Amino acid sequence: MKWPTLGGAALLSAWLAGCMPYAEHNPPAIAPSDPNATAETRALFANLHRLAPQAILYGHQDDLAYGVSWWAEPGRSDVKEVTGSYPAVYGWELGKLEHGAERNLDSVRFEDMRRWIIEGFQRGGVITISWHMDNPVSGGSAWDTTRAVYAILPGGSHHEQFRTWLDRFADFARRLRGLPPEGRDTVAIPIIFRPFHEWTGSWFWWGRRHCTPEEFIQLWRFTVDYLRQEKGLHHLLWAYSSDRFTSPEDYLERYPGDAYVDLLGFDDYYSHQREETLPFLIRELHDVVKLAQARGKLAALTETGLEGIPDSTWWTGKLLKALDHDADTRQIVYVLTWRNAYTIPGHFYAPYPGHPSAEDFRRFYAHPLIYFENELPNLYSLKTKP
Ligand code: BMA
């Protein structure tokens with residue numbers, strides 16, 4: 001199959017359309033924003049597009065690394081122990097990689113993470129990566145909101161340091177190679193990369209109150225260009241991921257342009273909790289789906305979950321109710337719940353065997369719209385049509 005690429009004029013019109021909510025591209029190109037994306041990255045993007053109307057992939061953060069009562073045990077997964085399948089999407093987190101640390105901010109060894117990423121990919125799963133990177137100016141955590149974005153932009157006092165951080169990311173990303181399903185040679189594992197997430201909130205140093213839209217857009221574009229052009233990474237799909245948002249205009253406030261984004265996502269840990277707030281979540285789903293469709297992009301609920309899952313029918317009673325609300329909400333390509341860290345106090349977002357919501361989670365698993373890993377077609381080849 002021949003893939004359209006973005007030339008100069010197309011780039012300009014893509015950028016212009018990026019500034020207008022719901023602007024129709026005529027028709028939007030179904031190709032990654034990186035004209036040099038690897039074959040597997042193109043295949044993943046195209047196959048997720050094809051799957052979007054019929055499937056929502058379930059994802060879980062740190063699924064293979066630990067569960068509520070175990071740590072780093074080969075083959076284990078709370079999700080698998082409850083449903084019989086691994087999740088279809090694996091979320092991983094890089095916080096502390098910027099310092100060349102051995103473990104991330106949640107104590108996961110990067111070498112183990114690499115192994116688990118390869119494992120998940122080789123079983124046909126989808127990999128997404130977030131990065132709670134420390135504050136480059138103050139040296140504090142991602143939650144230290146000392147102004148920093150302006151300082152890491154080209155010409156800024158901490159720009160060289162930021163390049164070093166991206167170099168460390170590039171070294172890690174380059175070593176993510178595995179054998180695709182039915183493949184004979186190892187390839188670069190396509191990654192849905194989701195930096196600077198939840199930017200509509202102000203709890204991280206890249207959040208809304210701590211930088212201007214122009215600074216954020218500049219930071220995003222620099223990051224993409226640097227990793228693509230200078231580090232030669234072509235296995236990344238870029239996820240622009242807000243927190244809760246109020247309108248398409250609100251969502252697009254810091255949109256860096258179609259040439260820099262592949263997936264339109266948002267995180268929402270709130271609107272699914274009660275019947276009365278579900279319409280807010282449904283409206284958000286509609287907005288990202290329509291904005292994504294107009295641009296030939298993917299749409300996803302990039303993070304969600306009910307901490308400690310105190311509602312035993314939350315999976316089908318709330319989450320699925322929103323996802324399966326109508327033909328538009330069903331276009332979301334994946335939903336990811338956060339990590340199973342500990343039970344006291346409950347910081348976990350997927351059930352484990354014996355948890356009161358386990359039975360409902362199995363109903364969620366069995367629903368035809370929801371795909372776990374064991375239902376995935378080969379997403380990394382264009383030969384097999386899902
Ligand atoms: C947050 C919490 C933190 C964790 C961070 C990065 O939402 O789970 O405990 O350190 O994500 O994984």
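The Stokes-Einstein estimate for region 102-244, based on a Kirkwood radius over Cα pairs and taken at 37 °C with 0.692 mPa s viscosity, is a diffusion coefficient of 204 µm²/s.
Evaluating 6.51 cos²θ - 1.76 cosθ + 1.60 at θ = phi - 60° for every residue in region 44-54, the Karplus couplings come out as 4, 4, 5, 5, 5, 4, 5, 6, 3, x, 10 Hz, glycine and proline recorded as x. At q = 0.15 Å⁻¹ the log10 of I(q)/I(0) for the chain amounts to -1.52, computed by Debye summation with a single uniform scatterer per C-alpha, solvent ignored. The mean accessible area for residues of region 33-168, using a 1.4 Å probe and ignoring ligands and nucleic acids, is 33 Å² per residue.
Within the shell defined by Cβ-Cβ distances under 12 Å, the residues around residue 78 carry a net charge of -1, with Lys and Arg each +1 and Asp and Glu each -1. Classified by the C-alpha gyration tensor, region 169-220 has a prolate form. Its axis ratio a/c, with a ≥ b ≥ c, is 1.5 or above, and a/b is larger than b/c.
The values are calculated or read from the model by the stated rules, or taken from the named source; none is laboratory data. What you are looking at is a predicted structure, and each value in this text was computed from that prediction instead of being measured. Glycine also receives a Cβ, built like all others from the backbone with ideal geometry; neighbour counts cover every protein chain displayed. Remember, those area values only see protein heavy atoms, side chains included, never the ligands or the DNA or RNA. Shrake-Rupley method; radii C 1.70, N 1.55, O 1.52, S 1.80 Å.
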